[in-house]
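Okay, so here's the structure we're looking at.
The values are calculated or read from the model by the stated rules, or taken from the named source; none is laboratory data. None of these values were measured; they are calculated from a predicted model. Every residue, glycine as well, gets a Cβ built from its backbone with ideal geometry; the counts of neighbours run over all protein chains shown. Calculation scope for accessible area: heavy atoms of the full protein, side chains included, ligands and nucleic acids excluded. Shrake-Rupley method; radii C 1.70, N 1.55, O 1.52, S 1.80 Å.
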Amino acid sequence: MSKKKRDLLTPIGIFLGATFITISILNGGGLSGAGGFVDIGSVIVVLGGMFASLMVSYNIKEIKLMFTVVKQAFVQREMELQELIQLFTQLSTKARKEGLLVLEQEIEEVDDPFIRKGILLAIDGIEPELIREIMMAEVVAMEERHRRGRQILERLGELGPAWGMIGTLIGLVLMLQTLDDPSTLGPKMALAMVTTFYGAVLANLVFIPMAGKLENQSDQEVFMKQVIIEGVLGVQSGQNPKILEEKLIAFLSPAERIQQEEAKAEEANYEA
């Protein structure tokens with residue numbers, strides 16, 4: 001099962017990245033030099049250009065999806081695989097003793113709709129292969145939704161440096177128009193480079209890392225749902241709870257298996 005809580009690593013990571021950049025700027029040029037990195041025109045070119053490109057590439061529904069996807073990068077899902085194994089072991093024990101129908105009351109306390117759906121399909125007597133197909137279809141649909149949302153962030157990661165370069169080219173053209181005044185070349189060249197700086201920072205500190213985090217979250221969720229499917233099929237088939245538990249333990253990492261064994265040993269000692 002999974003629990004959601006606020007993921008502080010995302011905002012902390014962005015803050016630290018911005019802090020390190022700021023320290024580097026101040027160390028190189030002090031407060032007077034830092035002013036050269038602030039330009040409203042460059043911000044407008046980069047941000048405005050990026051979202052203009054999104055409007056060309058995607059429809060309004062997909063663009064709205066981006067804001068929902070960004071929120072997910074600030075949410076951490078804790079995958080409680082050991083709790084999930086314990087739940088299916090208990091359901092299997094209950095089903096073998098009292099039949100599958102009794103599970104209808106048991107799953108009312110389960111928060112995860114995917115687990116409830118699987119158990120209800122099992123109670124309805126649906127064939128195991130059909131249950132697997134139905135549940136896997138939902139997993140595939142979820143993966144596709146995640147992919148499309150993540151794709152927008154990846155696209156923004158590509159657009160940031162590109163629009164930064166466009167801003168730089170605009171600045172260089174304007175600079176070349178004033179070659180007769182050499183005193184303006186340095187400041188205008190610096191200003192031209194700022195847009196590339198903005199685009200690169202947004203891409204490599206915000207959009208691409210967020211897309212990577214969302215991909216990792218999606219992989220973890222798919223893995224969890226695969227465990228759930230195996231648990232549901234094991235309960236439906238009337239599998240021995242011990243065998244089902246050992247089957248699901250195979251999904252644990254070596255460290256998690258050690259924790260599982262230690263927890264069992266403590267429980268056995270307590271009961272003794």
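Result for the chain in a Gaussian network model with C-alpha springs under 10 Å: among VAL194, VAL110, VAL139, the largest mean-square fluctuation is at VAL110. Toward the positive end of the charge dipole of segment 117-272, with +1 on the Cβ of Lys and Arg and -1 on the Cβ of Asp and Glu, the farthest Cα among PRO209, ILE229, TRP163 is that of TRP163. Scattering from segment 1-152 was approximated by placing one identical point on each alpha carbon and applying the Debye formula without solvent; log10 I(q)/I(0) at 0.13 1/Å stands at -0.86. Charges were assigned to the Cβ only: +1 to each Lys and Arg, -1 to each Asp and Glu. The resulting dipole of segment 74-175 about its Cα centre is roughly 480 debye. Based on alpha carbons, the Rg and Dmax found for segment 136-272 are 27.6, 93 Å. Simple point charges give the picture: +1 on the Cβ of Lys and Arg, -1 on the Cβ of Asp and Glu, and for segment 123-264 a dipole about the Cα centre of about 400 debye. Beyond 13 Å, how much of the Cα-Cα pair distribution for segment 153-219 remains, as a whole percent? That fraction is 65 percent. What share of Cα pairs, in percent, lie more than 16 angstrom apart in segment 15-103? Pairs farther apart than 16 Å: 78 percent.
The C-alpha atoms of the chain define a longest principal axis, and helix 113-123 lies at about 30 degrees to it. How high is the FRET efficiency between ILE40 and ILE258 when r is their beta carbon distance and R₀ equals 45 Å, given to the nearest 0.05? Calculated value: 0.20. Diffusion of segment 152-191 by Stokes-Einstein, at 25 °C in a medium of 0.890 mPa s and with Rh set to the Kirkwood radius over alpha-carbon pairs, works out to 217 µm²/s. The C-alpha atoms of the chain define a longest principal axis, and helix 81-98 lies at about 30 degrees to it.
With the convex hull drawn around the C-alpha atoms of segment 67-225, the volume per residue stands at 108 Å³. Among ASP124, ASP180, ASP112, the largest mean-square fluctuation in a Gaussian network model of the chain, built with springs joining Cα atoms closer than 10 Å, belongs to ASP180. The distance separating the Cα centre of segment 111-136 from that of segment 177-200 comes to 62 Å.
If the Kirkwood radius is taken over C-alpha pairs of the chain, then at 25 °C and 0.890 mPa s the Stokes-Einstein diffusion coefficient equals 108 µm²/s. Placing +1 on the Cβ of every Lys and Arg and -1 on the Cβ of every Asp and Glu, with nothing else charged, gives the chain a dipole about its Cα centre of roughly 880 debye.
Round to a whole number: what % of the accessible area of segment 148-272 belongs to carbon and sulfur, probe 1.4 Å?
61 percent
By a 1.4 Å probe calculation restricted to protein chains, GLU246 has an accessible surface near 110 Å², given to the nearest 10.
In the structure displayed, which of LYS94/LYS247; LYS94/LYS117; LYS5/LYS213; LYS97/LYS242 lie more than 20 Å apart, Cα to Cα?
With Cα atoms farther than 20 Å apart: none of LYS94/LYS247; LYS94/LYS117; LYS5/LYS213; LYS97/LYS242.
Considering only ILE21, LEU153, MET136, and ranking their Cα positions along the charge dipole of the chain that arises from unit charges at the beta-carbon of Lys, Arg, Asp and Glu, the one farthest toward the positive end is ILE21. Estimated at 0.36 nm per residue, the fully extended path between VAL75 and LEU101 surpasses their Cα-Cα distance by 5.8 nm. The tail of the calculated P(r) for segment 101-166, taken as Cα-Cα distances beyond 16 Å, holds 63 percent of the pairs.
Protein heavy-atom accessible surface, 1.4 Å probe, per residue over the chain: 59 Å².
Between VAL140 and ASP112, full extension at 0.36 nm per residue minus the direct alpha carbon distance yields a gain of 8.3 nm.
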